[in-house]
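Undergrad: Structure incoming, see below.
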Amino acid sequence: MRASATRRPARLTDSAVGSVVPIARPLFGDEEAAAVARVLASGWVSQGPEVMAFEREFAATTGAAHACAVSSCTAALHMALAALEIGAGDEVITVSHSFIATANAVRYVGARPVFVDVDPVNGNILPDQIERALSTRTKALLVVHQLGMPCDLPAILAIAGKHKLPVIEDAACAIGSEIRIGDQWQMIGRPHGLVACFSFHPRKVVTTGDGGMLTTADTALDARFRLLRQHGMNVSDRARHTAATVTTEQYEILGYNYRLTDVQAAIGRVQLQRLSTMIQERRKQAELYDDLLALIPGIGLPKEPDWARSNWQTYSVRLPDNVDQSAFMQAMLDRGVSTRRGVMCTHREPAYRDGDWRCAGPAGQAAETAAAASAALANGEMLQDRGVVLPLFPGLSESEQRSIVGLVRDCIDVAR
Ligand SMILES: *Cc1c(COP(=O)(O)O)cnc(C)c1O
């Protein structure tokens, strides 16, 4: 460590967002507050007219045929697997290198996640690893658009088609992200797979506090989502409320309470109107980081393939390999800038015991224990250990970004 590290570091104090620059910050204005007030005044606060309008507007924005609102993306993933009747004894091919909710959803239905590795730049599933992981038990592919960067859907859909497997997209981070299909740019959620699942958690680009959405082109599947999200009930509250004759509901399948509230939906409708300007700003911020950070030797940057446009929900870099990740993050925090480690690897968590999952590696490695998985899932582990998320959110100024990059440079030296 250099001597300068022992001095009290200068903090990034010109921040407009408090004494520490956060890594993410939702953008709310008077319009969201007015929307909430409108819902409260209406007296209908859960899964009513605002949810219906939010679903319509979400479908129109993404180009999806159907959109079904739920309480979170985790609920959406669970419902997607449940609707496809995936369960005990089945396997779902996915990535370990993702937020833990991805693999948890597979376990909620009693199935086993089968992990394959990701590319070392963007952390997205490697399509050429998928076939090695197939078994007679494989029932679906659950692929992630990690941090908002689209994964290689055309390659994935080709493999899925060959093996007649449904593709579920974990699009938690990917609202507004686009992919080029042929010569056309299309938003994630259109959908390309059978189902796409979105999140409205505050770390995501569009937030309702918490919330989620499933999009699909399959009308029967959409109808099933509507049963599953509300206890399997075949007549909605709203239909009963507006019926002129007494109407009694039935509970057709085992369902859940995964409703979104009208308060959340009303916020979401305003957020959707902000989507394109928020993404424009995020793209400019990502470009500035690209330009400034490229001058730091040894640092690895995310990179859009020519067929993908990220919404830049999260900007994650790879530290040079001789830099200590936690020392770097502490040095940044000491100087007033929050960071986060790279995306986690689910198979390294205590909640994932040996045998709860298996993995398949590039050289045909098969493993069911974390110790044995390191070779098979090496890129994901590298991204977790060397990845650092930098602040990027609406309102982060160019001068703040320049200061942050200066501190990244300093803190890399401090943490060597
Ligand atoms: C955020 C996230 C989720 C979970 O979303 P919630 O709405 O919080 O349930 C799932 N998968 C990925 C990849 C995520 O980033």
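The values are calculated or read from the model by the stated rules, or taken from the named source; none is laboratory data. The structure presented is a predicted model; accordingly, all values stated were derived computationally and were not measured. Ideal geometry is used to build each Cβ from the backbone, glycine not excepted, and the neighbour counts take in all protein chains shown.
Undergrad: So which residues in region 63-79 are part of a strand (DSSP E or B) and among the small types (G, A, S), if there are any at all?
TA: A67, A69
Undergrad: Here is a follow-up. Name the one entry in A53, A64, A111, A59 that is modelled with pLDDT of 95 or more, away from the ligand (no atom under 16 Å from the Cβ), over 17 Å from the mean Cα position of the chain (by Cα) and surrounded by fewer than 17 Cβ atoms within 10 Å (Cβ to Cβ).
TA: A53
Undergrad: Now for a separate question. Taking the conditions exactly as written (surrounded by 24 or more Cβ atoms within 10 Å (Cβ to Cβ) and in contact with an Asp or Glu (Cβ under 9 Å, 6 or more places away or on another chain)), does L142 satisfy them or not?
TA: Answer is yes for this residue.
Undergrad: To continue, here is another question. Hey, does region 204-219 have a residue that's charged (D, E, K, R), in contact (Cβ under 8 Å) with a residue 12 or more places away in the chain and within 16 Å of the ligand (Cβ to nearest atom)?
TA: Yes, region 204-219 has at least one match.
Undergrad: I'm checking my understanding of the structure. Among residues of region 180-200 that are out of contact with any Cys (no Cβ under 7 Å at 6 or more places or on another chain) and under 28 Å from G29 (Cβ atoms), which one is farthest from the ligand (Cβ to nearest atom)?
TA: M187
Undergrad: A further question follows. Sort out which residues of region 243-296 are surrounded by 17 or more Cβ atoms within 10 Å (Cβ to Cβ) and free of Cβ contacts under 8 Å to residues at least 60 places away in the same chain, and write them in order of number.
TA: Of everything in region 243-296, just one residue is surrounded by 17 or more Cβ atoms within 10 Å (Cβ to Cβ) and free of Cβ contacts under 8 Å to residues at least 60 places away in the same chain, namely G255.
Undergrad: Moving to a separate point now. Answer yes or no as to whether T94 is in contact with a strand residue (DSSP E or B) (Cβ under 8 Å, 6 or more places away or on another chain) and away from the ligand (no atom under 14 Å from the Cβ).
TA: No: the conditions fail for T94.
Undergrad: Can you name the number of the only condition in (1) crowded, with 21+ Cβ neighbours inside 10 Å; (2) at pLDDT 95 or above; (3) not hydrophobic (A, V, I, L, M, F, W, C) that G361 fails?
TA: Checking G361 against (1) crowded, with 21+ Cβ neighbours inside 10 Å; (2) at pLDDT 95 or above; (3) not hydrophobic (A, V, I, L, M, F, W, C), the one that fails is (2).
Undergrad: While we're looking at this one, here's another question. Name every residue in region 116-146 that is acidic (D, E) and in contact with a helix residue (DSSP H, G or I) (Cβ under 7 Å, 6 or more places away or on another chain), in order of residue number.
TA: D117, D119, E131
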